[in-house]
1. Being within 12 Å of the ligand (Cβ to nearest atom), closer than 30 Å to residue 26 by Cβ and in contact (Cβ under 8 Å) with a residue 24 or more places away in the chain is the requirement here; does residue 468 meet it?
2. Just to be sure before I move on: is residue 164 surrounded by 24 or more Cβ atoms within 10 Å (Cβ to Cβ) and within 25 Å of residue 353 (Cβ to Cβ) in the structure I sent?
3. Counting only residues that are closer than 19 Å to residue 294 by Cα, in a strand (DSSP E or B) and touching a residue at least 40 places away in the same chain (Cβ under 8 Å), which one in segment 415-449 is nearest to the ligand (Cβ to nearest atom)?
4. Return the residues of segment 644-667 that are closer than 19 Å to residue 580 by Cα and in contact (Cβ under 8 Å) with a residue 24 or more places away in the chain; say none if nothing qualifies.
5. Does segment 356-366 include one or more residues that are under 27 Å from residue 274 (Cβ atoms) and in contact (Cβ under 8 Å) with a residue 12 or more places away in the chain?
6. Given the options 71, 118, name the one that is over 25 Å from residue 372 (Cα atoms) and either surrounded by fewer than 24 Cβ atoms within 10 Å (Cβ to Cβ) or assigned by TED's automatic domain parsing to the domain that holds residue 344 (or both).
7. If a residue must be farther than 12 Å from residue 470 by Cα and assigned to a helix (DSSP H, G or I), how many such residues does segment 54-67 contain?
8. So which residues in segment 372-414 are within 12 Å of the ligand (Cβ to nearest atom) and assigned to a helix (DSSP H, G or I), if there are any at all?
Ligand code: WT7
């Protein structure tokens with residue numbers, strides 16, 4: 001966690017409670033904290049009744065027999081099965097049913113390009129495009145249960161092809177556009193994807209960058225791939241491979257009719273890879289019904305926006321406008337741009353570009369232009385925009401905004417305060433009131449929010465994700481798995497029961513799922529995070545307890561970054577740890593041991609950085625490199641990252657008794673001194 005120096009005045013401000021504008025609660029779905037508490041209690045005492053009520057939001061092809069079966073809460077049986085026997089299709093719920101209910105000409109999704117090109121999809125036009133893409137996939141032999149890898153920038157086709165997969169029951173595996181071709185290959189191989197869908201090029205801040213060409217020499221090695229489908233973004237020529245298909249042309253000649261595949265409640269909807277403690281990313285598997293119901297339920301109650309599921313007295317065309325700035329390559333984009341808003345019948349905005357191009361107020365411009373009412377972004381984006389000063393925000397009319405939100409890491413006081421006062425125009429003083437900042441805590445694994453304030457009603461504390469969502473029962477545990485009763489004390493963060501949207505497995509490695517999440521504390525799902533609770537029951541997340549590094553809210557596994565660095569021909573070994581960064585939250589601090597006889601130099605540092613980005617993707621930059629003779633290890637050869645973290649940040653290194661090579665520590669401290677103060 002980044003620590004900021006705070007004056008006592010700031011400490012006082014920070015420890016206050018902040019209140020949502022009172023008018024928000026008048027017509028809210030949950031009107032008061034008392035009501036929230038009652039509903040939460042009921043959801044814990046009788047989860048079946050609670051989730052049965054929520055499941056009514058879904059149009060089922062065939063009803064389910066039982067809400068939840070959990071044979072035992074241990075090991076493999078923890079998650080159980082949800083909505084057992086039910087048949088449905090997620091895309092039918094996102095699109096077709098709204099047409100059947102007479103909303104076909106209403107807006108579903110607005111895609112905006114960097115250059116202001118705009119595609120406004122109604123439910124009807126969205127269905128047409130999704131069906132064309134689905135038929136194209138079918139023509140290429142894709143069937144229910146097949147895996148399709150999608151590696152695209154934030155173009156509208158990304159939304160179309162993911163929905164096309166879900167329509168025909170194919171399992172999509174989306175890889176973030178900022179990852180490398182090699183990481184695409186690893187993910188394709190891991191889940192035997194039949195197809196890869198990729199763009200010819202990407203547009204980024206006014207420049208075209210190659211995408212398909214990066215696959216040369218790599219995709220040829222993926223034995224499961226039958227076709228490489230190219231989506232035309234810039235229309236540039238790319239190197240050709242005999243499995244290439246011009247997907248844009250193929251789509252154009254398809255019909256706009258395509259049946260929705262009937263899926264079982266527990267059929268996988270998608271796989272999304274995420275970093276863990278080993279070098280190999282985990283393919284997180286989400287299912288059809290549980291994921292859908294949970295995402296809809298969280299978004300409906302937390303944001304309380306008007307949507308077709310419940311218009312709250314507004315006309316369909318006057319619905320609230322939801323804008324989530326995430327990339328669809330991450331879980332946030334999956335759940336918060338596509339599946340939950342569409343299934344609820346909300347208007348969702350999808351923006352292609354970066355927040356700072358063509359100008360520094362781009363997000364706020366879009367909020368004004370599209371009358372955004374609910375705006376959801378990440379603390380790292382807030383910190384980046386905050387640097388440009390208040391004027392960049394004040395230029396725009398943000399009066400339509402009702403609620404703001406964050407996700408991905410702790411929203412610390414400096415950026416929280418700025419978001420509250422400058423963007424939200426919230427008041428200060430004894431009882432500050434303003435547009436709520438929804439602090440949502442969740443993970444790729446959890447499908448949607450676990451801890452979150454209900455925008456309209458929950459009094460906020462800056463930096464706190466407040467209280468659990470319905471059906472979610474958090475536990476703070478010590479090393480032995482006993483509950484930590486003390487307040488303001490760091491503990492392991494776990495849950496004593498599943499909820500419908502929790503992942504079901506790691507693709508192809510079910511034991512890894514059980515070992516990673518369910519074994520540390522028997523009968524609990526363990527998040528990998530530390531957390532604490534304060535005297536008033538507010539939860540605060542204190543960061544990862546494992547080797548996951550959060551850079552700009554993106555999750556990187558230390559071992560993955562290290563293996564990319566180690567593949568540099570002059571590197572013998574490396575160890576990476578997070579280092580506080582004013583905008584990114586954390587950046588990567590790498591300890592690098594060179595091959596014998598190789599001389600350290602600044603040029604070599606640059607070359608290692610370049611190499612790492614090439615291997616792991618532009619998103620993966622070891623920003624600080626320190627050359628060392630060796631790194632501290634345990635007797636079993638495990639790198640002691642705890643000590644390396646302390647050395648990097650010049651903290652007390654604590655106990656070195658368990659080290660196999662304690663003598664290296666002193667040298668590391670000296671080297672760190674020589675590096676001096678690190679400026680960004
Ligand atoms: C990790 C999950 C789920 C969307 C994006 C991240 C951290 C997430 C918060 C928050 C403090 C947060 C946790 C978590 N995290 N949200 N509101 N406050 N920390 O998904 O990449 O799977 O990362 O992000 O450490 O375990 P992800």
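The values are calculated or read from the model by the stated rules, or taken from the named source; none is laboratory data. Note that the structure is a prediction, hence the values are computed from the model and not measured. We place every Cβ from the backbone using ideal geometry, glycine too, and count neighbours over all the protein chains shown.
1. Here the answer is no, as residue 468 does not meet what is asked.
2. On the way: surrounded by 24 or more Cβ atoms within 10 Å (Cβ to Cβ): yes; within 25 Å of residue 353 (Cβ to Cβ): yes.
Criteria met by residue 164.
3. Among residues in segment 415-449 that are closer than 19 Å to residue 294 by Cα, in a strand (DSSP E or B) and touching a residue at least 40 places away in the same chain (Cβ under 8 Å), the one nearest to the ligand (Cβ to nearest atom) is 441.
4. Of everything in segment 644-667, those that are closer than 19 Å to residue 580 by Cα and in contact (Cβ under 8 Å) with a residue 24 or more places away in the chain turn out to be 644, 645, 647, 648, 649.
5. Yes - at least one qualifying residue is present in segment 356-366.
6. Working: 118 fails: over 25 Å from residue 372 (Cα atoms).
That would be 71, the only listed residue that is over 25 Å from residue 372 (Cα atoms) and either surrounded by fewer than 24 Cβ atoms within 10 Å (Cβ to Cβ) or assigned by TED's automatic domain parsing to the domain that holds residue 344 (or both).
7. Start the filter on segment 54-67 by keeping residues that are farther than 12 Å from residue 470 by Cα, which leaves 55-67.
Now drop any that are not assigned to a helix (DSSP H, G or I), which leaves 55-57.
Summing the residues that are farther than 12 Å from residue 470 by Cα and assigned to a helix (DSSP H, G or I) in segment 54-67 gives 3.
8. First, the residues of segment 372-414 that are within 12 Å of the ligand (Cβ to nearest atom): 376-380, 405-412.
If the condition is that a residue be within 12 Å of the ligand (Cβ to nearest atom) and assigned to a helix (DSSP H, G or I), then 379, 380 are the ones that fit.
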